[in-house]
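Engineer: Below you'll find the structure I mean.
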Amino acid sequence: MGIVTVRRPATGKEVPTGVVMDQDVFKAAALGDIARARGMSDIAKSTGLAREALDKALRPGAQPRFDTVSRVCAALGLTLAGAG
């Protein structure tokens, strides 16, 4: 698994933009890393979830509900797609 980044021209900073999964395994922690990089409080506000609950759902080893993952992806502007 790896995190896809893009360099912002104005700041030169690498910003996480997506997650590449291996073995078709969803990693909640990777989505959490992106959410934290973008601002967990802002993401929580966009999803309508409490920041603490969102942080818990997106920590390593967590198994968040599909609804939570879907809301976070939408707030981050990411598309959730499956292979199959």
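The values are calculated or read from the model by the stated rules, or taken from the named source; none is laboratory data. In this text the structure is predicted, and so the values were computed from the model without any measurement. Here Cβ is always computed from backbone atoms with ideal geometry, including for glycine, and neighbour counts include all displayed protein chains.
Engineer: In the range 60-69, how many are more than 12 Å from G32 (Cα to Cα) and outside any loop (DSSP other than H, G, I, E, B)?
Structural biologist: Result for the range 60-69: 2.
Engineer: Something else now. What is the number of the single condition among (1) modelled with pLDDT of 90 or more; (2) in contact with a Cys (Cβ under 7 Å, 6 or more places away or on another chain) that L80 does not meet?
Structural biologist: With (1) modelled with pLDDT of 90 or more; (2) in contact with a Cys (Cβ under 7 Å, 6 or more places away or on another chain) applied to L80, the lone miss is (1).
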